[in-house]
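Inspection log for the structure reproduced underneath, given as structure tokens.
The values are calculated or read from the model by the stated rules, or taken from the named source; none is laboratory data. For clarity, every value in this text was computed on a predicted model and none was experimentally measured. Neighbour counts are summed over all protein chains in view; Cβ atoms, including those assigned to glycine, are modelled from backbone coordinates with ideal geometry. Each accessible area value is taken on the protein alone, full model and side chains, heavy atoms only, with ligands, DNA and RNA left out. Shrake-Rupley method; radii C 1.70, N 1.55, O 1.52, S 1.80 Å.
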Amino acid sequence: MRPLAKHGYRLPPMAWWLLVVSGFFHLSISLSNTFINIFVFKVDHSFAAIAWYNLLVFICLPFTFVLAGWMARMTSTAMSLRIGIALHAVFYAITLMVGERAAKMPALLGILMGFAAGFYWLAFDVLSVEYTDKGGHEPFFGIHGVVTSISSVIAPPIAGVLISREDAFLGGLTGYHIVFGISFALFLAATILSFRLRSAPMSRLHILRGFSKLKSSPWWRLMAASSIYGMREGVFMFLIGLLVFLATGSEMKLGEFLLLQGGLSFLAFFLAGRWSGKFRSRLFTSGAIGMAIAATLFLVPIRAPSIVIYGCISAASLPFFLVPLQGFVYDGMESMPDKDMPTSTHIIVRESFENLGRITGIVLFLVICRHQSPGNLGKLSWLSFALGLTQLGAWAVLRPVLNRIGGKRPGGRKHTNEGKLEKTSSGARKRLNPTS
């Protein structure tokens with residue numbers, strides 16, 4: 001019997017395997033992703049280097065999505081996922097071999113990470129739709145959020161301890177090299193586990209047709225909301241960890257902060273996954289308001305206590321905003337009148353808009369904070385406050401159509417006597433006898 005994702009819905013086996021692979025992937029990401037930004041900052045001593053690294057990641061993503069879609073069409077969607085994980089392993093292998101010189105090449109690091117992330121996330125997004133149906137999107141993403149939160153609880157404190165102690169005993173940036181080596185090994189493990197996933201070759205992409213669907217009012221509002229929220233995500237993905245490091249001067253303290261955030265996110269994602277099916281609009285609104293309340297802390301001088309409080313409120317609020325938003329987006333895809341349009345096309349369109357927002361946010365960061373001194377963060381405080389309110393803009397754009405997206409939401413899948421799956425929703429593809 002399959003384990004229940006929520007009352008009345010059972011995730012299929014392939015969805016659980018995807019969660020297992022994602023767990024190893026995010027364990028490695030949680031171990032190193034925040035610290036790669038600190039690594040670049042400690043070598044270059046500027047905000048600009050970190051911004052350029054992340055900017056190149058997001059610039060490359062839309063193009064990589066198209067390349068990954070072509071590769072998935074030639075082979076399978078699962079193969080694109082494996083390539084993405086393997087490229088992450090290559091990224092950390094190069095960082096280990098080149099050492100501190102890698103931090104002086106943020107643009108090249110960003111391009112490589114952009115290719116790795118593009119292959120992984122296109123495949124993950126497509127497989128998450130293929131392995132679940134309309135009634136299962138939020139249970140899946142709720143559990144996925146729990147998995148990523150567990151990774152955030154376990155990995156950052158370990159990384160912080162390793163970096164702080166090894167750097168103190170051995171000098172230089174030895175601790176970073178140890179952490180990146182562990183990440184490399186975890187990515188290899190995730191690549192091996194991904195061979196349990198099965199999928200057919202991806203359908204042909206119709207990018208221009210996909211963008212033509214923006215004529216649909218709910219869909220263009222979803223894309224606009226994704227772009228607006230992306231402005232916050234692009235900057236806050238690296239900014240909060242950097243601010244904690246600047247306020248404390250310690251990777252160990254940063255690891256402890258991420259441990260606290262991960263614990264709160266774990267609980268919030270668990271609750272969001274269970275409640276979003278019934279109270280989606282209310283959770284979406286409460287999450288947006290909670291994140292806005294947290295952003296007001298940037299109006300006071302940036303110190304360690306205020307950043308910790310911000311991180312706690314944000315970690316507890318973000319899942320209630322993000323899980324419903326993902327549900328809205330995937331239900332919007334399935335509600336399209338053109339049923340022949342492959343899901344991968346809509347995902348690429350969505351990612352293009354979200355990355356446009358991410359790029360816009362980082363460009364604003366570069367323009368405003370490029371010459372900002374780490375000891376004087378006045379302009380950065382105001383920018384952070386403004387970006388911390390963007391989810392209210394996303395909520396305002398979607399509010400007129402919230403009740404029109406998705407419609408009645410069925411209870412999911414059930415077993416037939418032969419042990420195969422019957423879909424109670426026609427939106428997602430059946431995964432009865434998938435090929436490798």
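Here are the numbers for this structure:
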| quantity | calculated |
| --- | --- |
| Point-charge dipole on Cβ atoms (K/R +1, D/E -1) for the range 8-140, about Cα centre, debye to 20 | 180 debye |
| Full-extension gain in nm, Val20 to Asn376, via 0.36 nm per residue minus C-alpha separation | 123.8 nm |
| Net charge, Gln391 excluded, C-beta distance under 11 Å - Lys, Arg +1, Asp, Glu -1 | 0 |
| Under 18 Å from the Val367 label point (7 Å along Cα→beta-carbon), backbone N, the range 380-399 | 380-390 |
| For the range 254-336: accessible area per residue (Å², 1.4 Å) | 38 Å² |
| Computed magnitude of the charge dipole of the chain (debye, nearest 20; Cβ of K, R +1, Cβ of D, E -1) | 1400 debye |
| Fully extended contour minus Cα-Cα distance, from Phe211 to Leu267, at 0.36 nm per residue | 16.5 nm |
| Per residue accessible area of the range 77-121, 1.4 Å probe, in Å² | 35 Å² |
| Alpha-carbon centroid distance for the pair the range 239-274 / the range 49-113, whole angstrom | 25 Å |
| Gyration tensor over alpha-carbon atoms, the chain, equivalent ellipsoid semi-axes in Å | 34, 25, 21 |
| Mean separation of Cα contacts under 8 Å (6+ apart) over length of the range 31-183, as relative contact order % | 32 percent |
| Sequence of His88, His371 when ordered by accessible area, the most exposed leading, probe 1.4 angstrom | His371, His88 |
| Kyte-Doolittle mean at least 0.5 and Cα axial length at least 30 Å: DSSP H helices in the chain | 13-44, 47-74, 77-98, 106-130, 137-170, 217-248, 251-295, 304-334, 343-369 |
| Accessible-area composition of the chain, carbon plus sulfur, in percent [1.4 Å probe] | 66 percent |
| Furthest towards positive pole of dipole, Ser352, Ile59, Ala396, structure part the chain, Cβ charges | Ala396 |
| Computed [θ] at 222 nm, deg cm²/dmol, the chain (DSSP H ≥ 4; -39,500 (n - 2.57); rounded to nearest 500) | -26000 deg cm²/dmol |
| Among Ala93, Ala396, Ala288, residue whose mean-square fluctuation peaks in a GNM of the chain (springs only between Cα atoms under 10 Å) | Ala396 |
| Proximal charge balance of Ala225 [Cβ under 11 Å; K/R count +1, D/E count -1] | +2 |
